[in-house]
Amino acid sequence: MAMPQHTVSDPMDERLEPGQADSPERRGAVTPRAILTGLFLTVVAGFWIRESEIVALGVYITESVPTIPAVAAILLVLLANTLLTYTPWADRRFSRGEMLFIFFFVCVSTMSFSCGVARFFLALMTAPFYFNQTGNKLEEAQKYLPEWATVRDPDAIRGVYEALRGAPIPWGVWVGPLLAWIGFFVALWLAMMCLVMLMHRPWVEKEKLTFPLVQLPLEITDTEPRSGGIPAFFRNPVMWTGFAIAFVYNLANMIHAVAPSFPAWKNSFSFIPFTTPPFNAVGGLTIYNRPELIGFGYLVSAEITFSIWATFLLERLAAVVMSGMGYREAGMPFMQEQSFGAYIAMALLLLYLGKGHLISIARAAVSSAEPEMRGYRWAFWGFWLSVITLLVFCKMLGMMWWVGALYLGIFLAIALTYARVRAETGIPLVWCFPFGMPKTMLFSILGTAPLAPGGDPSTLTALAMLTFLSRGFPVAFSGYQVDSLRAAHQTSEKPRRFIIGLTIALIAGLALAFYFHLSGYYRVGAQQVRNGIWGWSMATMEYDTAINAATSPRPMDKPRVMAGVTGFGIATVLQMLRTRIVGFPLHPLGYAVGNAFGSLLWWPFFLVWLVKVAVLRFGGMPLYRKTLPGFLGLALGHFFTAGIVWGLLGATGKNLYEGYAVWFG
């Protein structure tokens, strides 16, 4: 993961050599019609998402990576291109760059709808006003929530949870607060985007990272005029073999949902290998059947897939050893906390290894030195302006300056490591980070007394309002940012244009997400859908805890702090060993991810590791390249069948979904 210093004349105007991307006569990627097409497809997807995720609560089509609406969008655009080939308007076809931009536009805009972004945010915004009752502290928490950041009209709040029953939607009370929060999300997006932009170029030029998740849209859009606009990917029988496997697997489960007597495969299988101490500390193990993880996992390097499943099993062994030694505290060995430490360590290592590159950018930004780095000035100043905006916002919420700086710093560090995970491994999970840890570890390290001086809960309540940064997944936007920059590089488009276009996607996505969520909830009532608004129970708990922690401060949580320090140290040592020992088998990113989400990844990645090692051992790279389309077809077949087909059917009602539950997160 070495990151030597690299300089360029202007990274924003980077162009590839002829033949590496679309021919020069083709249109650019970010065109007005591409933006309008992305907007149109987002609106159409909004109706689908509302019925599937909000009303019927069927398939979570926005939780996948890439999002299911984005997969549907690129297939629709490709179909339109193919049909136009046989008409007098063949020259109106979308270029490859435009198709890729539309794909990422819909990825960003529809991810804004997801449970970990807009939906959880709405729960945090409304829950303290609806669930206030005797026995909780929500009425007290309301006093510390600024009026400009919340909706306080009792009828408007009640209508969200109980439906309006014919009354008009009170949009007026929502406009001001939602505009303020859209501004916050835009500043957060730009801070992440500028940070990724500052770090991205050396990853491409010097480290030659592969950006595995970009491979599928690149293959889908690789059209040739002589083939009637049909990509070679769709003319490959190996791809269709993988596609067929996923199709048959999902079709059997779909038929079983309608006719339970029909045989089907389970999504998962759980078992408890040991029941007596100390071996029962292993806990339950679950084997997940996830075709998309196997499909995309084939693109992940063997050392990382090995590191992930080995880390998970070694952590289970560590739990047994600790139990045998008498350490039986709940949560041991604190894998999420170890992952937190590892993610922070990786972020600091990335910054350290890129220090020469970053120092040159800073010099160019504040002086006439380093003229070849001046193209980065907009990213440098954009990052600091966005961070200052976020700090001011946190202060206006009632948070102390230093707490806001620390919380945002933790978030951005995890976002940087997440972007690196996507660029180097391509693991297709939005939850691939230490869930809930930014806030949990802040409390564990400091205790709550410094956060509530004199018993003032203002900072704690503001942190509760921003829980979506810790327990949601806005951090995953950095994954689409780093992948889209790679796509811009591949299509010879200026990165600045891609960034502007995707910022439009974020703003449009958030505005439409709030519209479709509120219109859906006001129509049926959030309390009438299964489990209510996603995250409402976490929201009430967070506000209740904020008030209680101010009056009864929590001390430092030493076991969790030690777990975080251990994760930080192990990730650092693994990185040092990799740079000094050729062929060292464990990768620090694999350790970080294995602790964060190893329970889901260990089995699919163990299988794909076995297959890939065998393929490379007996057939080498030629056999790997021949089999790769089959694994991409497996992922695409699952997205098409379980995501698009079942997602559309699931939008008709929850009964179908309950017969075959599909999860992409």
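The values are calculated or read from the model by the stated rules, or taken from the named source; none is laboratory data. For clarity, every value in this text was computed on a predicted model and none was experimentally measured. Don't worry about glycine lacking a Cβ; one is built from the backbone with ideal geometry, like all the others, and counts go over all protein chains shown. These area figures cover heavy atoms from the full protein model, side chains too; ligands, DNA and RNA do not enter into them. Shrake-Rupley method; radii C 1.70, N 1.55, O 1.52, S 1.80 Å.
Beyond a 25 Å Cα-Cα separation, which of these cross-linked pairs lie in this structure: Lys208/Lys626; Lys206/Lys439; Lys206/Lys494; Lys137/Lys395; Lys208/Lys494; Lys355/Lys395?
Lys206/Lys439; Lys355/Lys395, as the Cα separations exceed 25 Å there.
Per the helix-only calculation at 222 nm, which mean residue ellipticity applies to the chain, given -39500 (n - 2.57) for every DSSP H run of n ≥ 4 and division by its residues, nearest 500 deg cm²/dmol?
-20500 deg cm²/dmol
R0 = 41 Å: FRET efficiency of Met562 with Asn289, Cβ-based, nearest 0.05?
0.70
Net charge within 12 Å of Pro146 by Cβ-Cβ distance, Lys/Arg positive one each and Asp/Glu negative one each, not counting Pro146 itself?
Residues close to Pro146 contribute a combined charge of +2.
In segment 489-632, if the dipole is taken from +1 on Lys/Arg beta carbons and -1 on Asp/Glu beta carbons about the Cα centre, which of Gly594, Phe584, Pro559 is farthest to the positive end?
Phe584
Ser519 to Ser268: FRET efficiency via 1/(1 + (r/R0)^6), r the Cβ-Cβ distance, R0 51 Å, to the nearest 0.05?
After rounding, the FRET efficiency stands at 0.90.
Name the shape class, rounded, prolate or oblate, that the alpha-carbon gyration tensor gives for segment 240-309, where a ≥ b ≥ c are the square roots of its eigenvalues, rounded holds for a/c under 1.5, and otherwise prolate holds if a/b is larger than b/c and oblate otherwise.
It comes out oblate by the Cα gyration axes.
Hey, rough spin-label estimate for Arg152 and Leu79, points 7 angstrom out along Cα→Cβ, what's it come to in nanometres?
Taking the simple label geometry, Arg152 and Leu79 are separated by 5.0 nm.
Can you pull the accessible area of Glu303 for me, 1.4 Å probe, Å² to the nearest 10?
For Glu303, solvent-accessible area is about 60 Å².
Net charge within 14 Å of Ile445 by Cβ-Cβ distance, Lys/Arg positive one each and Asp/Glu negative one each, not counting Ile445 itself?
Neighbourhood net charge equals +2.
Per-residue counts of other Cβ atoms within 10 Å, averaged by peptide: what ranking do you get for 278-284, 472-478, highest first?
By packing density, highest mean first, the sequence is 472-478, 278-284.
Ranking request for peptides 317-328, 260-271, 110-121: highest mean number of other beta-carbon atoms within 10 Å first, then the rest in descending order.
110-121, 317-328, 260-271
Kindly identify the chain as rounded, prolate or oblate by the Cα gyration tensor criterion: order the square roots of the eigenvalues as a ≥ b ≥ c, call it rounded if a/c is under 1.5, otherwise compare a/b with b/c, prolate if a/b is larger, else oblate.
The shape class here is rounded.
From the protein chains alone at 1.4 Å, what is the descending order of accessible area for Tyr352, Tyr249, largest first?
Heavy-atom accessible area, descending, gives Tyr352, Tyr249.
Net charge around Phe113, counting only other residues with Cβ within less than 11 Å of its Cβ (Lys, Arg = +1; Asp, Glu = -1)?
0
Roughly how many debye, to the nearest 20, is the charge dipole of the chain about its Cα centre, given +1 on each Lys and Arg Cβ, -1 on each Asp and Glu Cβ, and no other charges?
620 debye
On a straight-distance basis, which lysines could pair with Lys266 in a cross-link, Cα separation under 24 angstrom, same-chain partners fewer than 8 positions away excluded?
Straight-line reach from Lys266, under 24 Å: Lys654.
What distance in nm lies between label points placed 7 Å from Cα along the C-beta direction at Asp222 and Glu207?
For the pair Asp222/Glu207, the computed spacing is 2.5 nm.
Anything in the chain that counts as a DSSP H helix reaching 18 Å or more along its axis (C-alpha) with Kyte-Doolittle mean of at least 1.0? List them, would you?
Counting only whole DSSP H runs, the qualifying helices are 32-49, 68-84, 96-111, 172-205, 237-258, 302-324, 335-353, 377-397, 401-424, 495-524, 588-618.
Along Cα→Cβ, 7 Å out, is where each label goes; now give me the distance between the ones at Val175 and Arg554 in nm to one decimal.
4.0 nm
Provide the per residue accessible area, probe 1.4 Å, for the chain, rounded to a whole number of square angstrom.
Averaged over the residues of the chain, the accessible area is 38 Å².
Taking just the alpha carbons, could you work out the radius of gyration and Dmax for segment 425-546, both in angstroms?
Rg and Dmax of segment 425-546, Cα atoms, are 18.7, 57 Å.
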